[in-house]
Amino acid sequence: MRNLLAVLMMSLALAVLCCCEKDPKDPSGSPSIDSIRIKKEVANTFVKRQKRSSLYERYLEYYKSPMEQMHERCENYPPCDYLSDQIGFYTAYNRFFGRY
C-alpha cells in the first residue's frame, strides 16, 4: 500500500512540475500543449503496468503439455511431419517414436 501511495505521489509531483513549468518564450504564462505532453517512453519509465494473468496462465507460458511436446518432436523430424499430414499424427508418431 505504501509503495502504491509513493508511486502516486511521485506521479502527481511530476505532473505538477510538467504542467506548471513556465515557458520563457510565452509571456502570457499559459502553458502550451507541447509543454504539457510528455513522450510515451518517458511516461513508461515510472509507471509499470501489471500483467493480468493468473498463476495457471503463467505456468502454461513456461511449461508445455506432453501432447504439445510430442507434436513438436514429430514436426522437427521431417519424415514424421510428412507422414502425419498423410495418415494422421497419432499413427505417424507411433510409427517413428513408438507408443505415446
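The values are calculated or read from the model by the stated rules, or taken from the named source; none is laboratory data. Please read all numbers here as calculations on a predicted model, not as lab measurements. Note that each Cβ is placed from the backbone with ideal geometry, even for glycine, and that neighbours are counted across all protein chains shown. These area figures cover heavy atoms from the full protein model, side chains too; ligands, DNA and RNA do not enter into them. Shrake-Rupley method; radii C 1.70, N 1.55, O 1.52, S 1.80 Å.
From the set of residues in segment 68-93 that are among the hydrophobic types (A, V, I, L, M, F, W, C) and open to solvent by less than 70 Å² (accessible area, probe 1.4 Å), which is nearest to the chain's Cα centre (by Cα)? Let's see the steps before the verdict.
So the first thing to find is which residues in segment 68-93 are among the hydrophobic types (A, V, I, L, M, F, W, C), and the list is 70, 74, 80, 83, 87, 89, 92.
Still in the running and open to solvent by less than 70 Å² (accessible area, probe 1.4 Å): 70, 74, 80, 83, 89, 92.
Details: MET70: 27, CYS74: 29, CYS80: 34, LEU83: 36, PHE89: 32, ALA92: 36 Å.
Selected residue: MET70.
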Taking into account only those residues within segment 43-100 that are closer than 30 Å to LEU4 by Cβ and of a type in the set (A, V, I, L, M, F, W, C), which is modelled with the highest pLDDT?
LEU55
Pairs please, first residue from segment 60-73 and closer than 19 Å to ASP85 by Cβ, second anywhere and assigned to a helix (DSSP H, G or I) and open to solvent by less than 100 Å² (accessible area, probe 1.4 Å), Cβ atoms under 7 Å, 6+ apart in sequence or on different chains.
MET70/TYR93; HIS71/PHE89; ARG73/PHE97
Scan segment 8-42 residue by residue and report those that are modelled with pLDDT under 60 and open to solvent by 80 Å² or more (accessible area, probe 1.4 Å).
GLU21, LYS22, PRO24, LYS25, PRO27, SER28
Can you list residue pairs whose Cβ atoms sit under 8 Å apart, with the first residue in segment 1-25 being more than 20 Å from VAL42 (Cα to Cα) and the second being of a type in the set (D, E, K, R) and at pLDDT 70 or above? Count only pairs 6 or more apart in sequence or on different chains.
none
